[in-house]
Amino acid sequence: MRLILRLALCLTAALLPAAGRAGTQQYEPLAASVQAALHAAIADRAAPEAEFPSIEEKVGWLTEMSSRLTRRMPDREARLDFLKTVYYEAKRAGLDPQMVLGLIQVESGFKKYSISSAGARGYMQVMPFWAGLIGSKDSNLFHLRTNLRFGCVILRHYLDMENGDLYRALGRYNGSLGKPEYPNMVRGAWEKQWAWGPRVIGPR
(Lines give C-alpha, C1' and ligand atoms only; values in the text may rest on other atoms or scores of the structure.)
Protein backbone atom coordinates (compact mmCIF):
# COMPACT_ATOMS: atom_id res chain seq x y z
CA MET A 1 0.00 0.00 0.00
CA ARG A 2 2.82 2.38 0.88
CA LEU A 3 4.55 1.59 -2.40
CA ILE A 4 1.38 2.35 -4.37
CA LEU A 5 0.92 5.64 -2.49
CA ARG A 6 4.55 6.59 -3.10
CA LEU A 7 4.22 5.86 -6.82
CA ALA A 8 1.02 7.90 -7.00
CA LEU A 9 2.72 10.87 -5.32
CA CYS A 10 5.70 10.64 -7.69
CA LEU A 11 3.40 10.52 -10.72
CA THR A 12 1.43 13.52 -9.47
CA ALA A 13 4.62 15.51 -8.91
CA ALA A 14 5.85 14.66 -12.40
CA LEU A 15 2.64 15.89 -13.99
CA LEU A 16 2.54 19.19 -12.12
CA PRO A 17 4.36 22.18 -13.68
CA ALA A 18 7.67 22.90 -12.00
CA ALA A 19 7.84 26.03 -9.88
CA GLY A 20 10.15 28.78 -11.05
CA ARG A 21 12.67 29.69 -8.38
CA ALA A 22 13.56 33.23 -9.35
CA GLY A 23 11.77 36.58 -9.02
CA THR A 24 9.79 38.36 -11.67
CA GLN A 25 9.76 41.37 -13.96
CA GLN A 26 7.84 44.40 -12.77
CA TYR A 27 5.17 46.03 -14.89
CA GLU A 28 6.23 49.52 -15.95
CA PRO A 29 4.40 51.76 -18.42
CA LEU A 30 6.22 51.99 -21.75
CA ALA A 31 6.47 54.95 -24.08
CA ALA A 32 4.48 54.36 -27.27
CA SER A 33 7.66 54.29 -29.39
CA VAL A 34 9.30 51.73 -27.08
CA GLN A 35 6.18 49.59 -27.03
CA ALA A 36 6.00 49.67 -30.83
CA ALA A 37 9.66 48.72 -31.17
CA LEU A 38 9.32 45.82 -28.73
CA HIS A 39 6.16 44.65 -30.46
CA ALA A 40 8.00 44.61 -33.78
CA ALA A 41 10.86 42.67 -32.21
CA ILE A 42 8.45 40.03 -30.91
CA ALA A 43 6.38 39.80 -34.10
CA ASP A 44 9.23 39.09 -36.51
CA ARG A 45 9.62 35.38 -37.25
CA ALA A 46 12.75 33.52 -36.27
CA ALA A 47 15.04 32.03 -38.89
CA PRO A 48 14.83 28.23 -39.09
CA GLU A 49 18.57 27.93 -38.44
CA ALA A 50 20.88 30.09 -36.36
CA GLU A 51 23.76 31.64 -38.29
CA PHE A 52 27.18 30.85 -36.82
CA PRO A 53 30.45 32.50 -37.90
CA SER A 54 31.55 29.17 -39.40
CA ILE A 55 30.42 25.57 -39.70
CA GLU A 56 33.28 24.59 -37.38
CA GLU A 57 32.04 26.92 -34.65
CA LYS A 58 28.47 25.73 -35.13
CA VAL A 59 29.45 22.08 -34.75
CA GLY A 60 31.77 22.85 -31.84
CA TRP A 61 29.28 25.02 -29.95
CA LEU A 62 26.32 22.69 -30.42
CA THR A 63 28.37 19.62 -29.53
CA GLU A 64 29.79 21.17 -26.38
CA MET A 65 26.57 22.78 -25.15
CA SER A 66 24.57 19.66 -25.96
CA SER A 67 26.98 17.57 -23.89
CA ARG A 68 26.60 19.94 -20.93
CA LEU A 69 22.81 19.93 -21.21
CA THR A 70 22.27 16.19 -21.68
CA ARG A 71 21.43 15.47 -18.04
CA ARG A 72 18.78 18.20 -17.95
CA MET A 73 17.37 17.46 -21.44
CA PRO A 74 17.85 13.78 -22.32
CA ASP A 75 16.03 13.99 -25.69
CA ARG A 76 18.73 14.85 -28.26
CA GLU A 77 16.43 16.34 -30.90
CA ALA A 78 14.62 18.55 -28.38
CA ARG A 79 17.96 19.57 -26.86
CA LEU A 80 19.45 20.64 -30.18
CA ASP A 81 16.29 22.54 -31.14
CA PHE A 82 16.43 24.32 -27.78
CA LEU A 83 20.12 25.24 -28.18
CA LYS A 84 19.71 26.48 -31.76
CA THR A 85 16.78 28.63 -30.64
CA VAL A 86 18.72 30.02 -27.67
CA TYR A 87 21.63 30.88 -29.93
CA TYR A 88 19.45 32.51 -32.55
CA GLU A 89 17.28 34.55 -30.19
CA ALA A 90 20.21 35.63 -28.02
CA LYS A 91 22.27 36.79 -31.00
CA ARG A 92 19.21 38.46 -32.51
CA ALA A 93 18.81 40.52 -29.35
CA GLY A 94 22.53 41.28 -29.05
CA LEU A 95 23.02 38.97 -26.05
CA ASP A 96 25.63 36.33 -25.25
CA PRO A 97 23.99 32.89 -25.71
CA GLN A 98 26.01 31.49 -22.78
CA MET A 99 24.72 34.24 -20.51
CA VAL A 100 21.16 33.41 -21.61
CA LEU A 101 21.79 29.76 -20.76
CA GLY A 102 22.99 30.83 -17.31
CA LEU A 103 19.86 32.94 -16.85
CA ILE A 104 17.61 30.05 -17.90
CA GLN A 105 19.41 27.74 -15.46
CA VAL A 106 18.71 30.15 -12.60
CA GLU A 107 15.19 31.08 -13.68
CA SER A 108 13.65 27.71 -14.51
CA GLY A 109 16.29 24.99 -14.30
CA PHE A 110 15.60 24.34 -18.01
CA LYS A 111 12.02 23.29 -17.29
CA LYS A 112 9.74 24.27 -20.16
CA TYR A 113 6.54 24.43 -18.11
CA SER A 114 8.00 26.08 -15.03
CA ILE A 115 5.67 28.57 -13.30
CA SER A 116 6.81 30.91 -10.53
CA SER A 117 4.70 31.86 -7.53
CA ALA A 118 4.07 35.21 -9.27
CA GLY A 119 2.92 33.49 -12.48
CA ALA A 120 6.07 33.91 -14.60
CA ARG A 121 6.23 31.20 -17.24
CA GLY A 122 8.54 28.97 -19.17
CA TYR A 123 12.27 28.70 -19.63
CA MET A 124 12.93 32.42 -19.16
CA GLN A 125 10.10 33.02 -16.68
CA VAL A 126 8.25 35.67 -18.66
CA MET A 127 5.40 37.44 -16.90
CA PRO A 128 2.02 37.15 -18.70
CA PHE A 129 1.50 40.93 -18.80
CA TRP A 130 4.21 41.12 -21.47
CA ALA A 131 2.02 39.16 -23.88
CA GLY A 132 -0.62 41.89 -23.90
CA LEU A 133 1.94 44.69 -23.71
CA ILE A 134 4.22 43.82 -26.63
CA GLY A 135 2.75 40.64 -28.13
CA SER A 136 -0.83 39.49 -28.21
CA LYS A 137 -3.05 38.15 -25.46
CA ASP A 138 -3.03 34.69 -27.02
CA SER A 139 0.80 34.45 -27.10
CA ASN A 140 1.76 31.06 -25.68
CA LEU A 141 4.59 31.74 -23.24
CA PHE A 142 5.27 28.01 -22.90
CA HIS A 143 6.11 27.73 -26.60
CA LEU A 144 9.88 27.38 -26.99
CA ARG A 145 10.52 30.08 -29.56
CA THR A 146 7.92 32.47 -28.14
CA ASN A 147 9.31 32.22 -24.61
CA LEU A 148 12.92 32.67 -25.66
CA ARG A 149 12.08 35.55 -27.97
CA PHE A 150 10.11 37.38 -25.30
CA GLY A 151 12.78 36.74 -22.67
CA CYS A 152 15.67 37.92 -24.84
CA VAL A 153 13.80 40.99 -26.10
CA ILE A 154 12.81 41.94 -22.53
CA LEU A 155 16.39 41.59 -21.26
CA ARG A 156 17.64 43.63 -24.23
CA HIS A 157 15.07 46.31 -23.31
CA TYR A 158 16.36 46.39 -19.74
CA LEU A 159 19.96 46.56 -20.97
CA ASP A 160 19.07 49.57 -23.10
CA MET A 161 17.32 51.17 -20.12
CA GLU A 162 20.46 50.66 -18.04
CA ASN A 163 22.90 51.84 -20.74
CA GLY A 164 24.46 48.41 -21.13
CA ASP A 165 24.88 47.68 -17.41
CA LEU A 166 24.16 43.94 -17.32
CA TYR A 167 24.20 43.79 -13.52
CA ARG A 168 21.34 46.28 -13.26
CA ALA A 169 19.52 44.84 -16.30
CA LEU A 170 19.51 41.41 -14.67
CA GLY A 171 18.18 42.97 -11.49
CA ARG A 172 15.30 44.48 -13.45
CA TYR A 173 14.65 41.19 -15.21
CA ASN A 174 14.35 39.43 -11.87
CA GLY A 175 12.49 42.25 -10.11
CA SER A 176 15.34 42.65 -7.64
CA LEU A 177 17.10 45.78 -8.91
CA GLY A 178 19.97 46.80 -6.65
CA LYS A 179 20.30 43.42 -4.93
CA PRO A 180 23.35 41.30 -5.75
CA GLU A 181 21.98 37.78 -5.30
CA TYR A 182 20.32 37.28 -8.67
CA PRO A 183 22.96 38.86 -10.95
CA ASN A 184 25.61 36.90 -9.04
CA MET A 185 23.69 33.64 -9.49
CA VAL A 186 23.40 34.24 -13.25
CA ARG A 187 27.06 35.17 -13.45
CA GLY A 188 28.02 32.05 -11.51
CA ALA A 189 25.96 29.76 -13.75
CA TRP A 190 27.26 31.51 -16.85
CA GLU A 191 30.93 31.19 -15.89
CA LYS A 192 30.88 27.77 -14.21
CA GLN A 193 28.46 25.89 -16.46
CA TRP A 194 28.24 27.64 -19.83
CA ALA A 195 31.51 29.53 -20.40
CA TRP A 196 32.42 29.83 -24.09
CA GLY A 197 34.55 32.73 -25.23
CA PRO A 198 34.79 36.25 -23.70
CA ARG A 199 32.29 37.40 -21.08
CA VAL A 200 31.64 40.92 -19.77
CA ILE A 201 29.77 41.70 -16.58
CA GLY A 202 30.76 44.39 -14.15
CA PRO A 203 32.07 43.29 -10.72
CA ARG A 204 29.85 44.05 -7.74
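Structural remarks
- Checking each residue in region 111-131 for being part of a loop (DSSP other than H, G, I, E, B), within 14 Å of the chain's Cα centre (by Cα) and not charged (D, E, K, R) picks out Tyr113, Ser114, Ser116, Ala120, Gly122, Tyr123, Met124, Gln125, Met127.
- Region 189-204 residues that are part of a loop (DSSP other than H, G, I, E, B) and surrounded by 10 or more Cβ atoms within 10 Å (Cβ to Cβ), paired with ones that are modelled with pLDDT of 95 or more and aliphatic (A, V, I, L, M) (beta carbon under 8 Å, 6 or more apart): Trp194/Met65; Trp194/Met99; Trp194/Leu101; Trp196/Met65; Arg199/Met99; Ile201/Met99; Ile201/Leu166; Gly202/Leu166
- Taken together, the criteria exclude Asp138 from residues that are part of a helix (DSSP H, G or I) and over 19 Å from Phe82 (Cβ atoms).
- Test: residue in region 146-161 that is modelled with pLDDT of 95 or more, in contact with a Pro (Cβ under 8 Å, 6 or more places away or on another chain) and over 16 Å from Thr85 (Cα atoms): no
- Any hit, region 85-97, residues being in a helix (DSSP H, G or I), surrounded by fewer than 19 Cβ atoms within 10 Å (Cβ to Cβ), charged (D, E, K, R) and in contact with a Phe, Trp or Tyr (Cβ under 8 Å, 6 or more places away or on another chain): no
- Filter result for Gln105 (surrounded by 20 or more Cβ atoms within 10 Å (Cβ to Cβ), at pLDDT 95 or above and over 16 Å from Trp190 (Cβ atoms)): no
- Residues that are at pLDDT 95 or above and either surrounded by fewer than 19 Cβ atoms within 10 Å (Cβ to Cβ) or in contact with a Ser or Thr (Cβ under 6 Å, 6 or more places away or on another chain) (or both) within region 121-134 comprise Tyr123, Gln125, listed in sequence order.
- Members of region 162-186 that are of a type in the set (A, V, I, L, M) and modelled with pLDDT under 95: Leu177
- Selected residue [of a type outside the set (Lys, Arg), in contact with a Leu (Cβ under 7 Å, 6 or more places away or on another chain) and closer than 23 Å to Tyr173 by Cβ] from Leu95, Leu80, Leu62, Leu103: Leu95
- From Gly164, Gly178, residue being part of a loop (DSSP other than H, G, I, E, B), within 21 Å of Glu191 (Cβ to Cβ) and free of Cβ contacts under 8 Å to residues at least 40 places away in the same chain: Gly164
- Residue check for Leu170: under 17 Å from the mean Cα position of the chain (by Cα) and either of a type in the set (Lys, Arg) or surrounded by 15 or more Cβ atoms within 10 Å (Cβ to Cβ) (or both): yes
The values are calculated or read from the model by the stated rules, or taken from the named source; none is laboratory data. Here the structure is a predicted model, which is why all the values come from computation and not from measurement. When we count neighbours, we look across all protein chains shown, and the Cβ atoms used for this are built from the backbone with ideal geometry, even at glycine.
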